[in-house]
Amino acid sequence: VTRLSRERLDLASASVLALLVLAGASASSNEHLLRTAGSPARLLLLVVLGGLALVTALRFRSEWRLRPWVAAGAAAFCALAFVSTGWAVLPMSTLKRDLSLAAVLVVAVLVAGSTAHSPRTTRLLLDGILVAAAVFAAGGLVLWLFDASKAVQPATTEYAARFQGLGDNPDTAPLLFAIAMPIALQRALAPGARRARALALATLLGLAAAVTASGSRGGLLAGFLSLLVVVWLAPMTLRRRAAASAAVVAALALCAWVTTVPSALPQHGTAAPALAQPHGHRGIDAESVLPLEAEIGSPWWTHKAAGVHRSLFGASSRVRALQGAIHQALGRPLLGTGFGAELFVSRYYGFHSGNPEDGYVGLLMQVGAIGLALFVAFVAICMAPALRRRALASAAVGAVAAGLLLGLSQSFFHAAGDIVFVPFWLLLLLGSQPAEST
Amino acid sequence: MSTWWQRRSVLWAAAAVVALLALIPLGRWEARRHAQNEIRGIRSVLAAIGPLDQPSLDAYRIGVGPGLDCLLYKRAANPFALEICFDGAGRVVEGYDRRGGSPRIWSLREDPSASTVQIDGARALALVKRLSQPRP
């Protein structure tokens with residue numbers, strides 16, 4: 001009876017996790033109905049998952065384990081986030097972010113603790129995330145079939161047309177897909193029924209295709225490089241590992257090339273704005289000539305033709321924004337402006353975001369070098385055993401690697417509303433579990 | 001053994017709590033230091049501008065960022081050489097010096113209330129309004 005209860009609880013937890021990830025993705029959707037339903041459902045499902053995890057932990061408390069250093073790392077990072085309300089620029093906003101982080105970390109700790117001696121639980125939970133990603137990708141495909149104009153962002157002079165599926169923009173859904181790709185690969189490589197492995201491989205190909213069609217460079221890089229982590233950790237011969245790694249790199253190169261095939265709309269050599277354009281007013285409206293939100297790198301300064309040319313390796317506007325964000329962060333280098341208060345002021349030509357699009361710089365801005373060091377230490381504590389023991393759950397570690405790589409191009413470690421906020425923290429805790437959980 | 005271990009754990013936890021709480025004054029000091037640096041820069045821009053109403057005042061902005069209005073002053077051939085942005089209460093929140101090859105910016109946009117640099121808000125707003133009037 002006890003065994004059956006455990007199986008049911010695990011299955012229920014995995015199902016709720018799948019729904020939770022799907023609700024989080026829906027909350028970031030471009031479809032109004034999904035967005036409206038996703039936000040409240042996400043909170044409710046987090047509570048349900050927490051309840052199930054608590055019941056599992058209490059009922060099978062002898063099997064519940066979490067390494068003390070992992071618990072200490074989670075507690076320390078969370079505590080720093082809370083303490084940062086003491087110097088935060090926006091204390092209430094910081095407190096809300098703190099509560100979100102704490103809630104997700106508590107649930108993640110409860111869930112992960114139950115997987116210590118139960119590889120089946122880990123597998124089911126990972127499957128839950130994979131299924132959610134696959135359903136969201138399939139939903140995007142269905143939307144494209146019925147209304148392509150909603151599923152594709154039209155081409156502009158900066159960007160070629162990009163597939164966004166159900167995501168809010170083309171860079172949204174690839175975050176989730178990139179995190180799910182290593183899980184799919186691990187399921188395809190793991191021993192088991194041929195049909196299940198084929199299904200996992202098909203899912204992997206579908207996710208990779210969706211990421212490629214989105215043109216998300218960060219998603220593409222994170223998704224494929226995390227596959228290398230799975231290949232590296234998977235139990236296989238050196239020759240097979242080398243062949244699999246080569247196949248992954250070749251697939252990455254192919255997909256990267258595919259993203260360059262569609263073209264942006266032609267630019268009609270707009271001249272740099274004149275120093276002082278004549279206007280019908282007594283003074284010059286400076287915003288029409290040199291807007292503050294696009295001053296750095298503006299043609300007004302560079303005297304080059306206006307317009308931004310995007311390419312596979314071009315990242316000049318991102319680099320400018322990143323340099324500016326680091327400069328801004330160094331204004332309060334030790335402790336930042338408070339957790340969640342990513343008060344980035346965009347002043348960069350060709351950069352269209354309200355945040356620095358880098359999770360690490362984002363954390364540096366929010367909780368300073370001390371907070372960033374604590375985050376890195378926590379991640380290292382969680383992942384260190386994985387690097388020492390190859391038998392550890394490679395799917396979770398691969399997915400965490402994808403999340404950490406995504407952090408280089410997206411700022412989401414603190415953002416409860418982000419599509420991968422819950423999966424990332426949960427996977428980090430799952431990946432921290434000892435080798436028995438594979 | 002167990003008691004010793006428990007006592008050690010409690011001591012570590014207490015030390016961690018004390019260390020965390022000690023960060024609050026440090027964070028506040030850092031915020032003050034940052035604000036003082038920015039205020040110094042904003043004051044230097046104001047000093048370089050001189051009186052707000054002068055012939056070199058030739059450009060304006062309305063409602064940028066968190067609802068700031070700005071006045072821009074010409075120096076040599078640069079019509080946007082010096083700029084201050086202020087809120088409705090007359091607090092100067094940003095200062096720009098574009099007299100070099102790239103802009104130098106001092107900003108408290110993330111926390112306008114930290115600015116102690118005050119100008120005559122009504123007078124500054126009147127100047128913005130005058131500049132945004134149609135040419136006669």
>> Just to be sure before I move on: is A:GLN323 within 11 Å of chain B (Cβ to nearest Cβ) and polar (S, T, N, Q) in the structure I sent?
In response: no
>> Among the numbered criteria (1) part of a helix (DSSP H, G or I); (2) more than 22 Å from A:VAL422 (Cβ to Cβ), which one does A:PHE177 miss?
In response: (2)
>> Only one of B:ASP69, B:ASP97 is farther than 26 Å from A:ALA88 by Cα, acidic (Asp, Glu), touching an Asp or Glu at 6+ places or on another chain (Cβ under 9 Å) and modelled with pLDDT of 95 or more. Can you tell me which?
In response: B:ASP97
> Would it be correct to say that A:ALA210 is of a type outside the set (Val, Ile, Thr), more than 14 Å from the chain's Cα centre (by Cα) and buried (at least 24 other Cβ atoms within 10 Å of the Cβ)?
Replying inline: yes
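In this structure, is B:ALA35 out of contact with any helix residue (DSSP H, G or I) (no Cβ under 7 Å at 6 or more places or on another chain) and among the aliphatic types (A, V, I, L, M)?
Working: out of contact with any helix residue (DSSP H, G or I) (no Cβ under 7 Å at 6 or more places or on another chain): no; among the aliphatic types (A, V, I, L, M): yes.
So B:ALA35 does not fit the description; no.
Matching residues to (1) loosely packed, with under 11 Cβ neighbours inside 10 Å; (2) acidic (Asp, Glu); (3) facing chain A (nearest Cβ under 10 Å):
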| site | (1), (2), (3) |
| --- | --- |
| B:SER9 | no, no, yes |
| B:PRO25 | no, no, yes |
| B:SER44 | no, no, no |
| B:ALA48 | no, no, no |
| B:PRO55 | yes, no, no |
| B:ILE62 | no, no, yes |
| B:GLY65 | no, no, yes |
| B:LEU68 | no, no, yes |
>> For region A:28-40, which positions are under 14 Å from A:LEU176 (Cβ atoms) and either assigned to a loop (DSSP other than H, G, I, E, B) or in contact with an Asp or Glu (Cβ under 9 Å, 6 or more places away or on another chain) (or both)?
In response: A:SER28, A:SER29
> Considering region A:83-98 alone, what residues qualify as being in a helix (DSSP H, G or I), touching a residue at least 24 places away in the same chain (Cβ under 8 Å) and at the interface with chain B (Cβ under 8 Å from one of its Cβ atoms)?
Replying inline: A:SER84
> Given A:ALA315, A:ALA264, which one is modelled with pLDDT of 85 or more, more than 30 Å from B:LEU125 (Cα to Cα) and more than 12 Å from chain B (Cβ to nearest Cβ)?
Replying inline: A:ALA264
>> Pairs please, first residue from region B:1-21 and part of a helix (DSSP H, G or I), second anywhere and among the small types (Gly, Ala, Ser), Cβ atoms under 6 Å, 6+ apart in sequence or on different chains.
In response: B:LEU20/A:ALA79
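The values are calculated or read from the model by the stated rules, or taken from the named source; none is laboratory data. Given the structure is predicted, the values throughout are model-derived calculations rather than measurements. FYI the Cβ positions are ideal-geometry reconstructions off the backbone, even for glycines, and counts take in every protein chain you see.
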